[in-house]
Amino acid sequence: MASEKIIGIAASSGIAIGKAFKLENPSFEVEKKSIQDALEETKRFHKAVDQSKSELTEIKNKAEKELGADKAAIFEAHLLVLSDPELIGTVERRIEEEQVNAEFALDAVANDFITIFENMDNEYMKERAADIRDVTKRVMSHLLGLTFQSPAAINEEVIIVADDLTPSDTAQLNRQFVLGFATNIGGRTSHSAIMSRSMEIPAVVGTKTITSAVDNGTPLIVDGLDGVVIVNPTEEEKAAYQKKQKQFLEQKALWAKLVHEPTVTADGVHVELGANIGNPNDLEGVVNNGAEAIGLYRTEFLYMGRDRLPSEDEQFEAYKKVLETMGEKPVVIRTLDIGGDKKLPYLELPEELNPFLGVRAIRLCLERQDIFRTQLRALCRASVYGQLKIMFPMVATLEELREAKAIFNEEKEKLIQEGVPVSDAIEVGMMVEIPSTAVIADRFAKEVDFFSIGTNDLIQYTLAADRMNEKVSYLYQPYHPAVLRLVHNVIQAAHKEGKWAGMCGEMAGDETAIPILLAMGLDEFSMSATSILPARSLLKKLSKAEVEKHVDAVLNLDTAEDVAQYVQTHLK
Ligand code: PEP
Ligand code: MG
């Protein structure tokens, strides 16, 4: 069979060679239908339950053998749900008494059970709600004749192929077995791409057609360096990519020598290289890649892949772990940034036509102050375990910043009154990701301790090009002179007030952008952990005094293309 080359967007570097695993999330539209023969319908229901049981037993056995009994316990719990006479019996009764289809009866009964479990005080029982939800999906898929793949159930080495991967799908993936990703949609800064980088999994997104080009088991190569997927590779292609993979690993080994070195330019200027993380599991990558700080902890991932909000104590434990691990090194924790492509199924938020322009991040937190205050309390309590800095996402106006700061101060004061120790050195900063904020950064700079420029969003809002939409990815231009002028303005405004300016958008790790950002005086660069060593290697070769001379010239270029050319000729 001839191979097929599919071009996408390089999202996470490295080469993966393996077979495809299609992750499909069918939507379960359940219709209520009257039935004639309740006995037949009950049989149909039992058949779906039995199919689910044998699938789960198979998954459980495999997981037990390959991952150990611990990891397999979840499937045991799922099997127990399917053997629960209370649940199964209630579905049977409803089919018979109401003369309705099995899908409808199962959906109704499962929802009742989920509500009961969710409202129990006991944590263990609460978790059973998630089991019922997962198991119901599996049985429902058999009733509806659809395929259901739970990302958590993957237990062999595969390359995940999906239309899109939601951040919660990505969070549930078993890192051990996922060699790479390829998706139809998405851009370099969509959150699944960002997570693939922090998981160090090669990924290509925005291929448009990958799901229709492969079946489960199709041999694949994912080239996350150049954004290419090869379907059904020939032996020659496989050999060529094995060679490319080897070269990449050799390059990585060279970078690894810089792990314990500080980031100092050729003329002796130190800049801070930080890592972006999504949860405490990412800390290993942070340490292994020699980060000097955590420049962005995206706390929303703590709120995902679960059924309810994390408690203050759960949050405290997570923040404490990160702060303790980093010790003397700074940790910038961002308050909840939900909305846009990051949704929480258990938070009933109204559907919005433009979620990226809607109630997200700080807007949601100011509206749902109960959620915000719990997080701020957890942060304050954790502050004594390290060098905590907190920042607010998506600030558009000074009023928002002032309100957020006032709430933070209230919660901090309350804790102190309660006798709880809170560090008196917590810095409070904000992200600059909206052009309105970047333009009047001079006003904001007086009221914060620091800025962190979120270019992932700043670029999409400046060029009005959705960061998730591969069709407008040609307009998503980090080097557009308008973006550079905004970034420059923010750094200048911070320095005028004696504050520091960092960047935690993906642009901070971009090899073309780094010389410009150094030239503009950026103090801290925070990026996916895997970008740190290549960035350090580049920064060590640059002289700040030299690149500084080019700032005016760069800011006065016409196009992003001109900027890239200029960097190539004058700044490398
Ligand atoms: C950004 O917008 O640049 C950023 C770092 O935040 P996020 O990618 O989580 O939106
Ligand atoms: Mg953002």
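Structural remarks
- Matching residues in segment 299-317 - criterion: being under 28 Å from Leu533 (Cβ atoms) and at pLDDT below 95: Glu300, Phe301, Leu302
- Yes/no for Arg363 being away from ligand 1 (no atom under 15 Å from the Cβ), modelled with pLDDT of 95 or more and part of a helix (DSSP H, G or I): no
- Yes/no for Arg381 being within 16 Å of ligand 2 (Cβ to nearest atom), open to solvent by 10 Å² or more (accessible area, probe 1.4 Å), out of contact with any Cys (no Cβ under 6 Å at 6 or more places or on another chain) and over 24 Å from His495 (Cα atoms): no
- Scanning segment 187-228 for residues that are in contact with a helix residue (DSSP H, G or I) (Cβ under 6 Å, 6 or more places away or on another chain) and part of a loop (DSSP other than H, G, I, E, B), we see that the one that is nearest to ligand 2 (Cβ to nearest atom) is Thr189.
- Taking the criterion of being surrounded by fewer than 24 Cβ atoms within 10 Å (Cβ to Cβ) and touching a Leu at 6+ places or on another chain (Cβ under 8 Å), the residues of segment 348-367 that qualify are Leu349, Val359, Leu364.
- Residue count for segment 106-155, restricted to those that are of a type in the set (Gly, Ala, Ser), assigned to a helix (DSSP H, G or I) and at pLDDT below 80: 4
- When the test is whether a residue is surrounded by fewer than 19 Cβ atoms within 10 Å (Cβ to Cβ), within 27 Å of Ala293 (Cα to Cα), of a type in the set (Asp, Glu) and touching a residue at least 24 places away in the same chain (Cβ under 8 Å), Glu427 passes it.
- Elements of the type helices (runs of 4 or more DSSP H) sitting completely within segment 441-555 and holding at least 3 residues that are more than 16 Å from ligand 2 (Cβ to nearest atom), open to solvent by 10 Å² or more (accessible area, probe 1.4 Å) and not small (Gly, Ala, Ser): these cover 481-496, 529-541, 544-548, 551-555.
- Enumeration of residues in segment 324-348 that are more than 19 Å from His191 (Cα to Cα) and under 20 Å from the mean Cα position of the chain (by Cα): Val331, Tyr346, Leu347
- Note on segment 229-337: enclosed strands (runs of 3 or more DSSP E) holding 1 or more residues that are hydroxyl-bearing (Ser, Thr, Tyr) are 293-298.
- Among residues of segment 278-304 that are within 13 Å of ligand 1 (Cβ to nearest atom), those with a Cβ under 7 angstrom from a residue that is among the hydroxyl-bearing types (Ser, Thr, Tyr) and assigned to a strand (DSSP E or B), sequence gap 6+ or separate chain, pair up as Gly295/Ser452; Gly295/Ser526; Leu296/Ser452; Leu296/Ser526.
The values are calculated or read from the model by the stated rules, or taken from the named source; none is laboratory data. Source: prediction; values computed, not measured. Neighbour counts are summed over all protein chains in view; Cβ atoms, including those assigned to glycine, are modelled from backbone coordinates with ideal geometry. These accessible areas exclude ligands, DNA and RNA; they are computed on the full protein's heavy atoms, side chains included. Shrake-Rupley method; radii C 1.70, N 1.55, O 1.52, S 1.80 Å.
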